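Below is one structure, written out as structure tokens, with a few remarks after it.
The values are calculated or read from the model by the stated rules, or taken from the named source; none is laboratory data. Owing to the predicted nature of the structure, the values given are computational and were not obtained by experimental measurement. All Cβ positions, even for glycine, are placed from backbone atoms using ideal geometry, and neighbour counts span all protein chains on display.
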Amino acid sequence: MLSACGVKDPQADVVAGKKLFVQKCGACHTLGRAGTKGTTGPNLDEAFQESLKGGFGRTAVRGVIYKQILFPNRLPSADGVKMPAKLVDGDNAHDVAAYVASVSAVGGKDTGLLATAVQAAGGGTATEKNGVISIPADPNGQLAYADAKAIGQPGPVTVEMPNKSGVGHDIVIDGLGKGQVVTEGTSSFKADLAAGQKYTYYCSVPGHRQAGMQGTLTVK
């Protein structure tokens with residue numbers, strides 16, 4: 001039994017809810033405490049801000065979120081993408097709703113078990129091995145590569161992005177190549193790297209680069 005931001009509920013696991021939210025929902029929604037920066041769907045910090053200021057309780061917010069998870073609005077978002085129904089269900093839907101309701105429009109950072117529930121992506125450095133530079137997408141569904149830096153050697157190389165998450169991603173270097181968008185697969189392209197150059201690799205899926213899914217490849 002856990003509490004977050006003063007909201008107590010023995011029937012919800014907000015730690016599990018945070019993990020599921022990042023994995024299943026973070027690619028589309030911004031939520032500060034979760035560290036997600038998706039832009040396809042509503043910003044969840046802004047969505048309930050006025051209602052909470054006006055006295056709308058977090059228990060009521062949780063109920064709204066739970067219903068939206070199971071039965072999302074039929075209207076598409078601004079870019080025409082519709083939120084699928086029941087991305088999570090059962091107890092998982094309760095866990096996600098409880099977490100989002102407890103941290104929406106709350107500043108600062110999560111503490112305790114919530115602070116370590118999801119490991120931040122982008123801290124590693126990929127290095128070329130046998131002519132291949134492998135830069136995985138974050139397996140937890142964050143809009144980031146596991147490695148925000150990569151090191152390669154001059155000459156021909158294969159740049160690949162293994163993706164074990166359920167969120168579609170690709171990898172692109174302007175002027176060198178573009179991999180295909182994949183879900184639970186590998187995006188790749190072949191390129192020739194120039195000595196002493198630095199290249200920016202990024203995901204071209206709308207909103208993903210803007211949310212921080214990019215990195216720097218240095219050729220030595």
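A few comments on the model shown:
- Enumeration of residues in segment 102-138 that are charged (D, E, K, R) and in contact (Cβ under 8 Å) with a residue 12 or more places away in the chain: Lys109, Asp110, Glu128, Asp138
- The conditions of being of a type in the set (S, T, N, Q) and loosely packed, with under 15 Cβ neighbours inside 10 Å are met by Thr111.
- Qualifying positions in segment 167-180 - closer than 14 Å to Tyr145 by Cα and not in a strand (DSSP E or B): Val167, Gly168, Asp170, Ile171
- Residue in segment 109-122 that is under 25 Å from Ala137 (Cβ atoms), modelled with pLDDT of 90 or more, acidic (Asp, Glu) and not in a helix (DSSP H, G or I) present: yes
- Selection over segment 181-220 of residues that are in a strand (DSSP E or B) and without any contact (Cβ under 8 Å) to a residue 40 or more places away in the chain gives a count of 13.
- Segment 25-61, residues that are within 13 Å of Val100 (Cα to Cα), surrounded by 18 or more Cβ atoms within 10 Å (Cβ to Cβ) and charged (D, E, K, R): Arg33, Asp45, Arg58
- Residue match in segment 89-101 (condition: free of Cβ contacts under 8 Å to residues at least 40 places away in the same chain, outside the structural domain of Ala148 (by TED's automatic domain parsing), part of a loop (DSSP other than H, G, I, E, B) and under 24 Å from Asn140 (Cβ atoms)): yes
- Annotation for segment 162-184: at least one member residue is loosely packed, with under 15 Cβ neighbours inside 10 Å, among the polar types (S, T, N, Q) and touching a strand residue (DSSP E or B) at 6+ places or on another chain (Cβ under 6 Å).
- Extreme residue, modelled with the lowest pLDDT, among residues of segment 43-77 that are assigned to a loop (DSSP other than H, G, I, E, B) and among the hydrophobic types (A, V, I, L, M, F, W, C): Leu75
- Where a residue in segment 45-68 is within 20 Å of Ala34 (Cα to Cα) and its partner, wherever it lies, is crowded, with 17+ Cβ neighbours inside 10 Å and modelled with pLDDT under 90, with Cβ under 7 Å and at least six apart: Arg58/Val7
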